[in-house]
Structures are given as C-alpha cells and as structure tokens.
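Quick notes on the structure that follows.
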Amino acid sequence: MEGVTFGVLGPVVAWDRYGRALALKGPRHRAVLARLIVARRRVVPVARVVEDLWDEPGPRAVGAVQTFVGALRRALEPDRPARAPARLLVTEGPGYALRAAPDSVDAWRFESAVAAAGTLPPAQALERLDSALELWRGPAYAEFAREEWARGERSRLCELRLQAVEGQARARLELGLAAEAVPELDAHLAEHPWREGAWRLLALALYRMGRQADALAVLRRARELLAGELGMDAGPELRALETDILNQNPNLDPTPPARAAAPAPPAPSPPSAEPAPPAGPLPPALLWTRAVAAYDRTLAAGAKARLESTVGLIRTVAVTADSGPHAAQEHRLAAIAAAEELGDPELAARVIGAYDVPAIWTRSDDPEQARQIVTAARRTLAALTAVADPARSGPHEAARCRLLATIALETRGSRSPAGPRAAREAEEIARRLNDPALLAFALNGTFMQSCTRAGLAPRRDAIGAELVDLADRHGLVNFAVLGHLIRMQARGALGDFDAADEHAAAVDGMSERHERPVAGAFTQWYRALRLAASGQSARAEAAYRAAAVRLRGAGMPGVERGLLPLTRLSLSLAGASASAAEAAELVDTDEDWGPYRPWAEAIAALRTGHRAHARAVLRALPEPPADLLYEALCCLETAVALELGDQAVLERLHTRLLPAAGELAGAGSGLIALGPVDHWLTAITRRS
C-alpha cells in the first residue's frame, strides 16, 4: 500500500513507490479503479458500479466486478499476505472504497496546489501553478470521456485547469513577465476562445510588451468572436481595458511585486525542475532559455497554436535581449521546418510571417539561412494559392503580404529582382487592407530594398517618416524605433545632423523605456560617426572602439565583423588631403575584415609598388552590395582608382556616385563617413 500513487489527469494509471507503472490489466479493471477515485474515498455500492460499467448488465456482472476488484488488490498490494484484509481497496458495507491518501492522487494534489496558489505572493504562486499544471498528461480520465459517471468530475477538473492557466498568466504579469505569458495565453485561447478573462490577460500582456496595436487587435478579435459565435457583447472588463489601452492609462503598467514576509509551506506535489522565477523582470539569458524550453515543448506536443505562440516569443526575445538576434535566428529555421511538416500552408504562412522583427541593417547576416527562408516563403505562397478560399480573402491576403514582406527582407543586399517586386506587392496589399501592423512590416521590406543604387537617402527618409507616424498613431513601439533609426541614418547622409541627433535621442529614450538594447548599439555608432564627420578623428576612433564592444555577440555579422578596421580606414581617407597610398599603410590584411575584405585588399595592394598587380585587384572588385554602405565602398574603390589613374574604372564610379551628389559618403549607414560625395566626384572629374 505504501507509496502507491494514482494518475487520472490523462489515462488512468497507478505507480508503485519507485515510479513504475502497475499492471492494471484490462479497461474494465481501470474503469473500476477510476470510478472509485471519482468517489473520493467514499463507498460505491456494487450495484452502482455494475450500472456504471454496463449499459445492459448480464447476470454475471456482479461476479465480474468482484473479479476485477480482486485483480486490482493484487496489483496494488502485491506483498499483502493471503487472506489478510485489504488496506487500500477495501470492502465496506454494500460496496467498495479506495482509501487513497490525500496526496496520492494527482487530481487531488492538483486541486490542493491551485487552492494554495490563490493565497501566495505572485512568485510562489507561479511556482506552485507551474508544478500543478505539469501533472497533466492529457484530458482527465481520458479513456472514460463518454462515461456519464466521469462527466461531472472531468468538467470540474477541466475548469480548474483553465483557471490555473489563467492564474499562471496573471502571476507572470504581476512579476513583469509579460513576454512569457503571451505564448501560453495564445495556446489557451486557441482551444478555449470563449474565456473573456483570458482575452483580457492576453491583451494586457501585449500592451505591457509595448505592442499596443496587437493588444487592441486581440480585443477586437475577442469582441467579434463573442458577437459572431455567441451573439453577445464583450463584458465590461474587456470594454474598460480597450478604453484604458487607447488612453495609455498608467494603471495598466506593472507594479513591483510585494515580497513575502516568510517562505511558503512546501507544495504537496513534487517541485518543478525549473527554478522559480525571480521577483522582477527576467534577465535576457533566462528569458531565452525559457523560450527555447517552450519551443521544445511545442515540437514534442505537435500543437499548432503553441508553435505559433513560441515563434511570437522568439520574436520578442530578438528585440529585447542583447544577444537576441543571434539566439532567435538559431531557432527560426527549425520553427519554419516544423510548421511545413504539419502540412498546413496557412499555419506555415503565419509562422514564417510572424517574425516581423524590425530590421535596420541592409545586409543579410546569414545568406544561406536567408535563402532557405525565401525558398520556404515561396513554397508557402504557391501552396496558399492552391488552397485559396474566396470567402477568406482578408486573412489569405494578409498571409500573402507577410510572406512577400519576408522575401523582401531576406533578399536584402542581394540585388535579386525578386526583392523589389515582393516589397512593392507587400506594400500594396497592406495599404489595401488598411492594417497598420501589416503596413509597418511591409514598409520595413521596402526600406530593405531602398539601396539598389546611390542617392536614395531621401526615399529612405520618407519611409522612416511614415513608419514613425504610423507607429505613433497605433502604438507600434518596435517600428517606431525602426523609423527613428532610419531617419537618423538618412538625415546624416543628407548632412542634417541636427535632425539626425533628434532621432538618435528618440531611439535612446525608447530603447531604455521598452528594453530594446540592440537599438542603442546603433545610436552609439552614430555618435562616433558624428565625431568623425566633425573632424575629431582621435575621439572618433576611441568612440568606435567602444561601440564595437557593444556589438560583440549581437548576431549581426554584416555589422559586427570587419566594421572596426573599416572605421579606421574611413578616418584616414575622409580628410581633404587623404590618399589611398597613405591609407594603405594602415591596412592590416590579417585582421578580420568580414565582408569588406575585397576593398581592404584593393587598398593594401598599393603597398607592393606593383601597379599592374594593384590594377588587377582593383578591376576584380565586384559592385558593392545593395546596402547602406554602397556609397562608402564606391568611394574606397575611387580612392584606389585615383591613385592608379585608372580612367575606365573612374568613369564607371562617377556614374555610380553621381545620384548621391550633395550627400555624405557612407553616412547613410549611421556608422562611417568618407566625406562629401561631391569631393569624390570633383576628384574624378579633375583626373579625367
């Protein structure tokens, strides 16, 4: 008897003291055991057991029940001496009772834990609820779902579980863990969409993550669902929350959790393997660890809703942790592959398009991964077209828009004609659907395709201005940051540093308020650029070194690798009397030049004195990628061509740079500057 435990939160099972499953024989044996557990230690008359187990019991039904009970007793108490009275499954009066200890049935432990959680501070309540919900292995009394005798108990436990999930989310919100609450609430509502309290919690969590537009969209979805399916209006709490979100009521902001005066008593159920969350926001590393754990659970469960929700959490980590972009990208492809394996093109479209993380750098961090994502997006576009439903044209078009915007983003810097086409089509769809969040995502794709030639800073400035306006009106914090960064870069390229400074300050303010550390790295680089552009080379070099430390491990190779030596080269060439031959002495080809190595080697070739070799290296240079450093790399090439007097190359470079007349070369990157483009154009003209 000692150590025997029972599980009914899933298929009905029993375990011995070592955790080994006991052999309960056939389904009728388990039915008898389950029926006695439902009775909660009370006696169930034999006649009632017979009535519950058979629709039309035969004359031998009572004998069959006695046989089942005998077999159960042997399984539950294998060491009981022959003819010794049973101590666990006992005969009493007209029937039987299971004298299980209060903590030996998982459902009873679950109830106790949930009740206790309601009296605890948030951190301890969350730990207790996490442990309690881990007891569930499937629907309660899973194999007896159609039995009348189990129906009431199953319904009661199901309702208690729903309350526990919502209590778990409530505790996370009180602890400042809004990002952790969203995936579970998403999955919860996918299965139980009528729970108004859960809709309220999800909207509040999104708002506290800085996703005001998404929070309002959730409330609209709840209102439409309740009206369309139940014919009822949303309750007063949902209506009040919508008003508070629109007004950005300070009461919606989280309050610091109170610390418990003394430790809580231990839970009757085994503790969770995961440590209890600290009081206050999670550090990025722990937040990412939990995101990965949620992702692993998603794949194991094969649940579509959880897959989508976890991608949403991955997206959040990408913008809120210093190493978020790198960590998020590691798991993004796996999520897409998992979605495609489920054979649901609409799900795949949502998972691929859910990663609407604002992107500021116009060079792909991982070209191979980008190629795979584009391939998956094209496959999904084709599959969506094949299953298009005219009755659902709105959602279908929104999914297409996200896929097209993803293609535009992932083909950045590649000069693929598919990129600009996808960006145009995505923007057209988003404007037609009048969806602010969708339009912001599409405009990000348009920005990524706005470096196809020199001189497009005014176009990028206009994109940034629209993003800022759109984001401010609809509470799209991440895209507000992106819009200000774009304008910071563009106004710098146009020599309007006063305006660029204002946008950098706006980014810093939002980065601090909304925990967007990656954005702050770009403003730090911009301020080093400001020093360089004002001729303060020594201070600029020190500022660049400090900014480079900030980028280590950020997961942006196009920025992180090669940028620091490139800044030293740009500082040496930005002066009015600078020459490529002098700059060549500063080029150390043993350094990590990343994607900028071809241009560094072209300048380094001037050191050899072999002009024929240097000319061959110059002429082998590719056209710079279509990114924010296009003008800067063209100017590096110009410096070498001027030194060698290569007229053919100079004429080609004059054609490339002419549309950027009046701009500062490279300043559109927000990273480096090589002086006015007009300076380089004039030098080419004089050499002709």
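The values are calculated or read from the model by the stated rules, or taken from the named source; none is laboratory data. Nothing here was measured: the structure is a model prediction, and the numbers come from that model. Neighbour counts are summed over all protein chains in view; Cβ atoms, including those assigned to glycine, are modelled from backbone coordinates with ideal geometry. Just the protein is used for accessible areas: all its heavy atoms, side chains included, with ligands, DNA and RNA removed. Shrake-Rupley method; radii C 1.70, N 1.55, O 1.52, S 1.80 Å.
Figures for the structure shown
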{"item": "Carbon + sulfur, % of accessible area of the stretch 574-681 - ligands and nucleic acids excluded, 1.4 Å", "result": "53 percent"}
{"item": "Nearest-10 value in Å² for the accessible area of Arg137, using the 1.4 Å probe", "result": "100 Å²"}
{"item": "Where His613, His484 fall by accessible area, highest first, once all protein chains stay in place (1.4 Å)", "result": "His613, His484"}
{"item": "Carbon + sulfur, % of accessible area of the stretch 420-510 - ligands and nucleic acids excluded, 1.4 Å", "result": "47 percent"}
{"item": "Extended-chain gain in nm, criterion 0.36 nm per residue less alpha-carbon gap, Leu225 and Arg379", "result": "52.3 nm"}
{"item": "Per residue solvent-accessible surface (Å²) - the stretch 556-649, probe of 1.4 Å", "result": "37 Å²"}
{"item": "Ranked by how many other beta carbons lie within 10 Å on average, peptides 205-212, 21-28, 411-418, 186-193 from highest", "result": "205-212, 411-418, 186-193, 21-28"}
{"item": "Arg221, Arg424, ranked by accessible area, largest first (probe 1.4 Å)", "result": "Arg424, Arg221"}
{"item": "Theoretical FRET efficiency, 1/(1+(r/R0)^6), r = Cβ-Cβ of Glu56 and Thr119, R0 45 Å, to 0.05", "result": "0.40"}
{"item": "Karplus-derived HN-Hα couplings along the stretch 564-572 (A = 6.51, B = -1.76, C = 1.60, θ = phi - 60°), whole Hz, x at Gly and Pro", "result": "5, x, 5, 5, 5, 5, 5, 5, 6"}
{"item": "Ordering of 53-61, 485-493, 242-250, 335-343 by packing [mean C-beta count within 10 Å, highest first]", "result": "485-493, 335-343, 242-250, 53-61"}
{"item": "Computed E for Ser534/Gln372 - FRET, C-beta separation, R0 41 angstrom, nearest 0.05", "result": "0.40"}
{"item": "Protein accessible area in the stretch 111-163, 1.4 Å probe - carbon and sulfur %", "result": "50 percent"}
{"item": "Accessible-area ranking of Thr685, Thr362, largest first, probe 1.4 Å", "result": "Thr685, Thr362"}
{"item": "Cα gyration tensor, the stretch 136-245 - rounded (a/c under 1.5), prolate or oblate", "result": "oblate"}
{"item": "Modelled FRET efficiency - R0 41 Å, Ala240 with Arg40, Cβ distances, 0.05 increments", "result": "0.55"}
{"item": "Euclidean distance between Cα centres, the stretch 619-688 to the stretch 133-152, Å", "result": "72 Å"}
{"item": "Gyration tensor verdict on the stretch 148-211 (Cα atoms; rounded if a/c is under 1.5, prolate if a/b is larger than b/c, oblate otherwise)", "result": "prolate"}
